Amino acid sequence: MNNQSLLFSSASARTKKTHILLMVLISISLGLTLGCNTKADRPDSALEEQGNLADSSITTSEWSISLNNAWARPTKAGMMSAAYFTMRNNGSVPDSLVRVSSNASKDVQIHLSYMNDGIMVMEEQPFVAIQPSEQIPFQPGGYHIMIIQPSMDMNEGDMISLSLFFNSGMIIEQTIQVGNPAM
Amino acid sequence: MNTKPTIVKPSSFVLLFIFLSFVLLQSACMKDYKVIDDMNDASFELINQDSVRVIFPEDFRGQYVVMGFVYTNCPDICPLITQNLIKIQKDLGYPDNVQFLGVSFDPLRDTPEVLHRYKEVFKVDENVNFLTGEPTMVQSFMDSVRVRTQESMRTTTESGMEIYFLNHSDKIMVMNPKGEIIIEYGGSMPSIPSLIVQDLQSLIQ
């Protein structure tokens, strides 16, 4: 092997090493970028994984969310109902309602009704965020808890239970009345 | 000539003035109800909650008709429309000369039996009819009164049943005895019953 070919082969080896190094660096930076984007740009999916995100550092003195004027619409078994209340955050930390369950039905969802281009639209909500001192009404024609095909008749004056699961890991369990007390 | 001059007392002028003012004021306050849709050329064969055949608008000619549009799997808005229909009927004093209708735009699920149960749940008066029908007929009817629907979401319940929900127009309408739609309001709004009651009272008198 002459000097020229030695020089060439060592230059080629250097280029190879540089390429490998570059590829490793690109992979690391790509991985980091994608990893960061998953958390920053997809709050919905992050909220769905509430178990992983539950903030165990929140203390009960900081967290105080209450439900007032709760009621559910009377219906028969197998039909439809909805629950309404006023949710208020009296604490000092923000949180999000992410899931609701009830003894009245296995299928309970958070929904929002609103008018869009002359059509009344209803959409399932993955979560409802609430800030400190904020009050969010769940009322007919707005946010509501949809109780799909209850397994029992829900007559005026009956009581059903609601469990509200928050992103923080906190849960509100409340018994609410069937029938609007204001009517 | 022995004709006596007609003496018009000032008090008669006053009375005439008051009368004319009253007439003018009344006519100024009267709403001008324009025809929104003329249903006279239409004929829809529908069925009520008791499986009784109904021809719309033929069977209702000569009466005012108040009608709302609903589907019974609707948990939030349609109950408000139904409650508004109930309130209008109650506030008008359950009149014999006004027909009340709830028309379903979901005929596949809203069979007469389902509508019958829906009426029971909402304690709807027996003189209020809920209508459904063959899907194509119901669709034609909805097109004629410009009630729009679109499937919003389909979901499978934990019990494995697939259900769907509908986005829809939010309307209560009034049809006059000539078969013309003359009033159309947002069906679920809380202020609607009093507006329709006022309108109907001025029309019926």
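The values are calculated or read from the model by the stated rules, or taken from the named source; none is laboratory data. Model, not experiment: these values are computed from the prediction. So basically every Cβ, Gly included, is an ideal-geometry build from the backbone, and we count neighbours across all protein chains shown.
Scan segment A:97-115 for residues that are within 8 Å of another protein chain (Cβ to nearest Cβ) and not in a strand (DSSP E or B) and report the count.
1
Please work out which residue is nearest to the other protein chains (Cβ to nearest Cβ), limiting yourself to segment A:121-164 and to residues that are hydroxyl-bearing (Ser, Thr, Tyr) and touching a residue at least 40 places away in the same chain (Cβ under 8 Å). It would help to see each step written out before you state the result.
Residues of segment A:121-164 that are hydroxyl-bearing (Ser, Thr, Tyr), as a first pass: A:133, A:143, A:151, A:161, A:163.
Filter once more, so that each one left must be touching a residue at least 40 places away in the same chain (Cβ under 8 Å): A:133, A:151, A:161, A:163.
On the way: A:SER133: 27, A:SER151: 9, A:SER161: 17, A:SER163: 15 Å.
Selected residue: A:SER151.
Evaluate segment B:28-40: report whether one residue or more is loosely packed, with under 15 Cβ neighbours inside 10 Å, at pLDDT below 65 and more than 21 Å from the chain's Cα centre (by Cα).
yes
Just give me the residues in segment B:161-198 being within 20 Å of B:VAL145 (Cβ to Cβ) and within 9 Å of another protein chain (Cβ to nearest Cβ), in sequence order.
B:LEU166, B:ASN167, B:HIS168, B:SER169, B:ASP170, B:GLY186, B:GLY187, B:SER188, B:MET189
Would you check if B:ASN176 is surrounded by 19 or more Cβ atoms within 10 Å (Cβ to Cβ), touching a strand residue (DSSP E or B) at 6+ places or on another chain (Cβ under 6 Å), among the polar types (S, T, N, Q) and on the phi < 0 side of the Ramachandran plot?
Numbers: surrounded by 19 or more Cβ atoms within 10 Å (Cβ to Cβ): no; touching a strand residue (DSSP E or B) at 6+ places or on another chain (Cβ under 6 Å): yes; among the polar types (S, T, N, Q): yes; on the phi < 0 side of the Ramachandran plot: yes.
No; evaluated as a whole, the condition is false for this residue.
Suppose the filter is over 30 Å from A:GLN109 (Cβ atoms) and either assigned to a strand (DSSP E or B) or free of Cβ contacts under 8 Å to residues at least 40 places away in the same chain (or both); does B:VAL174 pass it? Spell out the reasoning first.
Working: over 30 Å from A:GLN109 (Cβ atoms): yes; either assigned to a strand (DSSP E or B) or free of Cβ contacts under 8 Å to residues at least 40 places away in the same chain (or both): yes.
So B:VAL174 fits the description; yes.
Within segment A:64-80, which residues are under 15 Å from A:THR175 (Cβ atoms) and either part of a loop (DSSP other than H, G, I, E, B) or small (Gly, Ala, Ser) (or both)?
Of the residues in segment A:64-80, the ones under 15 Å from A:THR175 (Cβ atoms) are A:66-72.
Passing the criteria: A:SER66, A:ALA70, A:ALA72.
Going through segment B:155-171 one residue at a time, which ones are outside any loop (DSSP other than H, G, I, E, B) and touching a residue at least 12 places away in the same chain (Cβ under 8 Å)? Can you show your working first?
The first filter runs over segment B:155-171 and keeps only residues outside any loop (DSSP other than H, G, I, E, B), leaving B:155-156, B:162-168, B:171.
Residues satisfying the conditions are B:ILE163, B:TYR164, B:PHE165, B:LEU166, B:ASN167, B:HIS168, B:LYS171.
Does B:ASN129 qualify as being within 12 Å of chain A (Cβ to nearest Cβ) and at pLDDT 95 or above? Full working, then the answer.
Values: within 12 Å of chain A (Cβ to nearest Cβ): no; at pLDDT 95 or above: yes.
So B:ASN129 does not fit the description; no.
Please tell me if A:PHE127 is crowded, with 18+ Cβ neighbours inside 10 Å and over 23 Å from B:GLY186 (Cα atoms). Give the steps one after another, and end with the answer.
Working: crowded, with 18+ Cβ neighbours inside 10 Å: yes; over 23 Å from B:GLY186 (Cα atoms): yes.
Here the answer is yes, as A:PHE127 does meet what is asked.
With the checklist (1) out of contact with any His (no Cβ under 9 Å at 6 or more places or on another chain); (2) within 11 Å of chain A (Cβ to nearest Cβ); (3) basic (Lys, Arg); (4) closer than 25 Å to B:LYS34 by Cβ in hand, flag the one item B:ARG148 doesn't pass.
The one condition B:ARG148 does not meet is (1).
Quick check, is A:GLY118 within 14 Å of chain B (Cβ to nearest Cβ), over 26 Å from A:MET159 (Cβ atoms) and among the small types (Gly, Ala, Ser)?
On the way: within 14 Å of chain B (Cβ to nearest Cβ): yes; over 26 Å from A:MET159 (Cβ atoms): yes; among the small types (Gly, Ala, Ser): yes.
So A:GLY118 fits the description; yes.
Can you tell me which residue among A:ILE110, A:ILE171, A:ILE119 is of a type in the set (A, V, I, L, M) and at pLDDT 95 or above? I'd like the intermediate steps shown before the answer.
Details: A:ILE171 fails: at pLDDT 95 or above; A:ILE119 fails: at pLDDT 95 or above.
Exactly one of A:ILE110, A:ILE171, A:ILE119 is of a type in the set (A, V, I, L, M) and at pLDDT 95 or above, namely A:ILE110.
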